[in-house]
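The values are calculated or read from the model by the stated rules, or taken from the named source; none is laboratory data. Since this is a predicted model, take the numbers as computed values, not measurements. Cβ: placed from backbone, ideal geometry, glycine included. Neighbour counts: every protein chain shown. Surface accessibility is based on the protein's heavy atoms, side chains included, excluding ligands, DNA and RNA. Shrake-Rupley method; radii C 1.70, N 1.55, O 1.52, S 1.80 Å.
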Amino acid sequence: ESLDEDTLRNLMMHNFAEALYVEGAYEYSTAFAALTAANAPNSYPTANLLGNLLKQNDDLHNALDMYEYAIRLAPDDEASLVNAGNVCIDLGYYDQAERYFNRALQVSEGDGPANQGMMLVSLARGDDHSAFLYMIEGAKDAYPSVLTDAYAYFRTKYKKREDYLAFAGPIMDQYGFKYLTDFTRSRTMFDPTLDTPGQQLTLDRTLVLP
């Protein structure tokens with residue numbers, strides 16, 4: 001089914017605003033996104049983009065309002081859910097962040113950013129066990145710097161081999177050693193150094209967190 005002229009125009013304007021955002025032209029992106037939103041107020045991708053632009057400008061409360069508006073328009077939109085959760089972390093709203101990330105994981109169990117967000121929530125609460133699990137789950141999708149930093153935190157906190165073994169061993173046993181050999185360049189989960197992982201982990205996507 002072909003799009004009507006107005007819908008096609010709004011879609012093109014949104015895509016242009018998105019491209020400007022990716023290129024770092026935030027002022028121009030804001031102008032086109034705002035115009036798109038005025039013409040198509042029910043466009044949840046544009047609402048999400050405006051949330052990103054507000055966050056880029058450190059206007060976190062208004063960014064959260066915009067993400068929540070996008071979620072009201074599309075309750076299952078993973079990007080808006082994860083973005084709302086991340087802003088909640090920035091604001092210190094950890095319970096609210098957890099709700100958004102959990103919703104994103106209900107929509108897509110393997111959502112890497114949502115798992116990474118839950119890792120940060122768990123770390124903020126001092127729940128190292130859950131944080132470590134979410135770190136491994138988050139690495140299925142990608143291995144961004146936040147996971148490297150979290151792994152460095154665990155290896156610093158549990159410096160002694162026996163301490164790390166007691167903490168991480170039972171968790172890693174749930175996955176199988178063959179899935180975990182890229183945590184360090186030396187390819188051993190008990191290496192005492194803090195080497196940056198050499199590549200992404202390749203994990204079994206059928207595994208479900210307890």
Surrounding net charge for SER29, when Lys and Arg each add one and Asp and Glu each subtract one, Cβ distance under 11 Å: -3
Ranked order, THR7, THR46 - accessible area, probe 1.4 Å, largest first: THR7, THR46
Separation in nanometres of the label points that stand 7 Å from Cα toward Cβ, at LEU11 and ASP59: 2.9
Net +/- balance of residues flanking LEU53 in space, Cβ distance below 12 Å, scoring K and R +1, D and E -1: -3
Nearby aspartates and glutamates by direct alpha-carbon distance to LYS159 (threshold 16 angstrom, same-chain neighbours under 8 apart not counted): ASP128, ASP149, ASP191, ASP195
For SER122, solvent-accessible area (1.4 Å; no DNA, RNA or ligand), Å²: 10
Å² per residue, accessible surface of the range 27-160 at 1.4 Å: 45
Accessible carbon and sulfur surface of the range 75-148 relative to its total accessible area, %, 1.4 Å: 45
